[in-house]
Amino acid sequence: MIKTLIVDDEALARDLLKILINKNNMPLEVVGEAGNGKEAIGQIFDLKPDLVFLDIEMPGSDGIEVMNYINNHYTEPISFIVVTAFSYFEYAQSSLRLGAKDILLKPVEIQGLKESISRVIGYRFTDNPLLNDILQYINTNYRNDIQLNQCAKNFHISANQINRLFKKYFDMTFIKYLNKFRIDKAIELMHNKEDITIKEIAIEVGFNNLNYFYKTFKLITGDTPKKYKQ
């Protein structure tokens with residue numbers, strides 16, 4: 001589960017966000033909340049959350065000031081989703097330059113919340129908590145050697161049950177999902193690192209066999225890695 005902090009000066013807004021998270025089996029664990037910028041900074045240092053929902057307009061230190069302080073004084077990995085009313089949207093956009101991963105408009109609606117979380121965590125989560133844990137495992141470990149049987153053992157479930165879950169929610173097997181996830185990450189690297197070699201990309205996303213990487217890439221994208229990278 002992704003440790004989550006909710007920061008908003010309105011208690012009702014914090015409660016609504018918690019209800020949406022809990023009722024929809026999102027892969028988030030709300031570990032704390034804060035009502036102003038000063039509290040938020042203290043909670044971040046104390047709780048070390050992975051994700052912070054941060055209201056942009058608060059009395060005292062606002063969301064931008066909180067992000068500025070955290071960027072300069074906090075060294076742990078952390079992601080921010082900035083929450084704002086439409087009237088402050090233009091101001092909230094400055095948070096993107098400070099590293100905010102996304103902006104959510106108030107009042108927060110379930111579909112927008114789901115899409116925002118998926119963009120930040122890097123995968124599309126489901127309404128199945130066990131499957132969400134497996135998806136998070138893939139997201140964290142895709143660079144390493146991941147085997148279906150070992151994954152089944154880690155989650156105390158059979159390999160067939162895992163495949164049934166992936167078939168139900170994604171219409172593909174565990175291995176096909178893993179390969180597609182890795183190829184998507186490879187494409188991201190191609191876009192973001194022009195000087196990286198195909199071999200380096202393959203290793204970075206978990207393919208130890210270069211020929212298998214080429215074959216899988218062509219199967220999923222229809223192009224060879226070299227042609228796609230050009």
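Every number in this text was worked out from the coordinates using simple rules, so none of it is lab data. These numbers come from a predicted model, not from an experiment. Here the Cβ is made from the backbone with ideal geometry for all residues, glycine too, and neighbour counts use every protein chain on show.
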What fraction of the DSSP beta bridges in the chain is antiparallel, stated in percent and rounded to the nearest 5? 0
Rounded to 10°, Cα long-axis angle of helix 210-221 versus longest principal axis of the chain: 70
Neighbouring Cβ atoms within 10 Å as the yardstick, rank Val120, Val83 fewest first. Val120, Val83
Working from Cα positions, state the angle (0 to 90°, nearest 10) between the long axis of helix 110-121 and the longest principal axis of the chain. 60
Note the angle between two axes, namely the Cα long axis of helix 129-141 and the longest principal axis of the Cα atoms of the chain, as a number of degrees from 0 to 90, rounded to the nearest 10. 70
Stretched out fully, how many nm does the piece from Asn141 to Lys153 gain, at 0.36 nm a residue minus the Cα gap? 2.8 nm
Run through region 16-100 and list the chymotrypsin sites (Phe, Trp or Tyr not before Pro) located in a DSSP loop whose Cβ has at most 16 other Cβ atoms within 10 Å. Tyr74
Out of the GluC sites (Glu not before Pro) in region 124-230, which ones are loop residues according to DSSP with at most 16 other C-beta atoms within 10 Å? Glu194
Low-density loop positions, trypsin sites (Lys or Arg not before Pro), region 127-229 - DSSP coil, at most 13 other Cβ in 10 Å: Arg143, Lys193
Treating cross-link reach as a plain straight distance, find the aspartates and glutamates whose alpha-carbon is under 14 Å from the alpha-carbon of Lys23, omitting any fewer than eight places away in the same chain. Asp15, Glu109, Asp127
Show me the ranking of peptides 97-105, 15-23, 60-68 by mean Cβ neighbours inside 10 Å, starting with the highest. 60-68, 97-105, 15-23
Any idea how far apart Lys193 and Leu12 come out in nm if each label point goes 7 Å out from Cα toward Cβ? 4.9
Place a label point 7 angstrom from the Cα of Phe170 along the Cα-to-Cβ direction, then list the residues of region 181-207 whose backbone nitrogen is under 18 Å away. 181-189, 205-207
Per residue of region 152-165, in order, report the coupling 6.51 cos²θ - 1.76 cosθ + 1.60 (Karplus, θ = phi - 60°) as ³J(HN,Hα) in whole Hz, putting x for Gly and Pro. 4, 5, 4, 9, 6, 8, 7, 4, 5, 5, 4, 4, 5, 4
Strictly over 19 Å apart at the Cα level, which of Lys153/Lys215; Lys193/Lys226; Lys176/Lys215 would you flag in this model? Lys153/Lys215
